[in-house]
Amino acid sequence: MAQELEQKVMVCFEEFSRCLAALRAHTGQAGETYVQVNYYFDTSDGALSAAHSMLRVRRKKNALYLQYKNKRKRMGDLLLCDEFEALLESFPQTVNPHDYFPDAPDVTCTLLGDLVTLRTDFDLPGVIVSLDENIYFGLSDYEIEIEGEEAPIQRVAAFLSPQGESKGGNGKFSRFMNQYRTYHNDGKGDIL
């Protein structure tokens with residue numbers, strides 16, 4: 001288990017482009033750009049999302065990772081959560097998170113869908129800054145994530161001063177689930 005501390009800010013395309021240009025000018029690097037796909041899983045009644053937990057398979061750089069996050073805690077604009085990860089050999093159609101992570105619930109989860117991210121990472125002292133264009137259910141949004149140690153997160157956030165809405169707890173999974181409910185059943189009843 002690892003703990004993840006991050007700040008997330010939703011921005012418009014113009015602000016996203018400004019922050020990307022500022023990071024490139026500051027570091028003298030283009031950043032590492034790649035496609036990342038999150039495949040989200042939950043129970044038929046949405047038990048994980050209702051408990052503010054998240055289960056996903058992440059395809060990143062030709063590898064599959066099963067990731068489970070829970071115990072989210074807001075600290076101002078920062079979000080702290082427990083994150084568990086296991087490398088997978090193949091893509092599952094159903095997952096019981098307890099089979100991989102003993103502290104996770106013993107429930108069967110099925111695939112809900114995916115969220116595709118075009119991510120550009122900048123590895124700075126004490127933090128990784130990710131600029132994400134996310135695509136899901138025919139929508140696109142733009143997000144800046146700063147992950148690492150508290151003081152460097154605050155320094156980078158002050159440097160970038162991204163003009164947008166801080167998402168202290170409304171990450172990709174929350175946005176995905178809101179659209180999933182709207183797309184599939186207008187937010188009523190079981191999610192599957």
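Each value in this text was obtained by applying a stated rule to the coordinates, not by laboratory testing. This structure is a prediction, so every number in the text was calculated from the model and none was measured.
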Structure-based [θ]222 nm, the chain - -39500 (n - 2.57) summed over DSSP H runs of at least 4, per residue, nearest 500: -7000 deg cm²/dmol
What are the ³J(HN,Hα) values, in whole Hz, obtained from phi via the Karplus relation 6.51 cos²θ - 1.76 cosθ + 1.60 with θ = phi - 60°, for each residue of segment 121-138 in sequence order, with x given for Gly and Pro? 9, 10, 9, 10, x, x, 8, 10, 9, 10, 10, 10, 9, 10, 10, 7, 6, x
Please report how far the C-alpha centroid of segment 33-93 lies from that of segment 6-20, rounded to the nearest whole angstrom. 22 Å
Under a no-solvent Debye model with one identical scatterer per Cα of the chain, what's log10 I(q)/I(0) at q = 0.13 Å⁻¹? -0.70
Considering only lysines 8 or more places apart in sequence, or on different chains, count the pairs in the chain whose C-alpha atoms sit under 28 Å apart. 27
